């Protein structure tokens with residue numbers, strides 16, 4: 001039964017990463033189709049997300065409806081900055097390269113967890129961070145670092161920061177509750193940024209923005225279901241199937257063929273993180289065996 005659960009979680013994560021990649025494809029397609037008012041697109045996407053989540057009001061905790069407002073507001077605005085950086089990276093970099101930069105998120109989570117929460121770093125964790133940043137440099141190469149590349153890293157930093165800030169949110173609030181408040185609090189700033197951009201309103205973008213929002217919410221739903229009954233370290237390596245989707249869609253849709261530097265850099269980023277997951281999985285299994293061995297002895 002446990003094996004089936006892990007297998008199902010892996011399928012969910014692979015499906016979820018495909019949904020997230022489809023959102024990336026929509027953003028990149030918008031950027032290559034002509035003039036792209038990014039901030040207007042982001043406002044539309046935020047509004048669609050709020051409207052999609054609104055019918056799920058039963059999952060909101062009425063007794064703690066606005067608890068943790070300060071953290072929710074902070075996450076909302078960091079999220080807006082992250083989406084903006086992500087849009088810049090996706091519309092100016094190859095799809096696979098941009099996604100490889102986004103996978104710096106786990107590395108940044110480890111670094112920020114040490115700086116902000118004083119977490120301990122193992123030798124393998126340190127190796128993962130060093131190897132990961134080396135992989136980023138290999139993909140970008142110093143002569144090719146640009147605002148687009150820095151935007152990709154900015155998106156990863158925003159994702160990592162928001163991931164850690166989840167720890168500061170009320171535990172009684174459901175995932176739907178947290179997602180709803182995050183998008184709701186982002187509406188005023190997204191609207192103000194859209195006005196500042198000053199682009200003419202384009203209803204044709206609404207379909208693309210809606211698709212992007214729905215795909216990202218679908219990704220969040222699959223992550224929630226995947227990690228409900230399975231430890232993260234058992235299946236988190238399935239998250240990296242997103243890079244496979246990125247290479248395939250970049251080649252098929254945009255005619256992008258990654259070079260050797262991409263594959264070498266991606267290997268440096270992903271391999272230590274997968275190794276961390278394997279080591280942690282073995283540690284948990286050993287702990288479970290130790291805990292139940294006295295019972296078996298009886």
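Checking the condition buried (at least 18 other Cβ atoms within 10 Å of the Cβ) and free of Cβ contacts under 8 Å to residues at least 60 places away in the same chain, which residue from 107, 93 passes?
93
Do you know which residues across region 136-154 are at pLDDT below 80 and surrounded by 21 or more Cβ atoms within 10 Å (Cβ to Cβ)?
136, 139, 140
For the list (1) touching a helix residue (DSSP H, G or I) at 6+ places or on another chain (Cβ under 8 Å); (2) at pLDDT 85 or above; (3) within 20 Å of residue 41 (Cβ to Cβ), I need the number of the one condition that residue 177 fails.
(3)
If residue 212 passes every condition in (1) under 23 Å from the mean Cα position of the chain (by Cα); (2) modelled with pLDDT of 95 or more but one, which one does it miss?
Going through the list (1) under 23 Å from the mean Cα position of the chain (by Cα); (2) modelled with pLDDT of 95 or more, residue 212 breaks only (2).
Give region 31-59 a look and list any residue that's modelled with pLDDT under 80, outside any helix (DSSP H, G or I) and either touching a helix residue (DSSP H, G or I) at 6+ places or on another chain (Cβ under 6 Å) or over 15 Å from residue 209 (Cβ atoms) (or both), or say none.
Those that are modelled with pLDDT under 80, outside any helix (DSSP H, G or I) and either touching a helix residue (DSSP H, G or I) at 6+ places or on another chain (Cβ under 6 Å) or over 15 Å from residue 209 (Cβ atoms) (or both): 34, 35.
Take residue 36 and tell me if it is over 30 Å from residue 134 (Cβ atoms) and free of Cβ contacts under 8 Å to residues at least 60 places away in the same chain.
Against the criterion (over 30 Å from residue 134 (Cβ atoms) and free of Cβ contacts under 8 Å to residues at least 60 places away in the same chain), residue 36 qualifies.
Among the numbered conditions (1) assigned to a loop (DSSP other than H, G, I, E, B); (2) more than 23 Å from residue 167 (Cα to Cα), tell me where residue 67 comes up short.
Among (1) assigned to a loop (DSSP other than H, G, I, E, B); (2) more than 23 Å from residue 167 (Cα to Cα), residue 67 violates only (2).
From (1) loosely packed, with under 13 Cβ neighbours inside 10 Å; (2) modelled with pLDDT of 80 or more; (3) touching a helix residue (DSSP H, G or I) at 6+ places or on another chain (Cβ under 8 Å), pick out the condition that doesn't hold for residue 80.
Checking residue 80 against (1) loosely packed, with under 13 Cβ neighbours inside 10 Å; (2) modelled with pLDDT of 80 or more; (3) touching a helix residue (DSSP H, G or I) at 6+ places or on another chain (Cβ under 8 Å), the one that fails is (1).
Would you confirm whether or not region 70-79 contains a residue that is without any contact (Cβ under 8 Å) to a residue 60 or more places away in the chain, within 22 Å of residue 183 (Cβ to Cβ) and over 16 Å from the mean Cα position of the chain (by Cα)?
Among the residues of region 70-79, at least one is without any contact (Cβ under 8 Å) to a residue 60 or more places away in the chain, within 22 Å of residue 183 (Cβ to Cβ) and over 16 Å from the mean Cα position of the chain (by Cα), which makes the answer yes.
The values are calculated or read from the model by the stated rules, or taken from the named source; none is laboratory data. Values in this document were obtained by computation on a predicted structure and should not be read as measured data. Note that we place each Cβ from the backbone using ideal geometry, even for glycine, and neighbour counts take in every protein chain shown.
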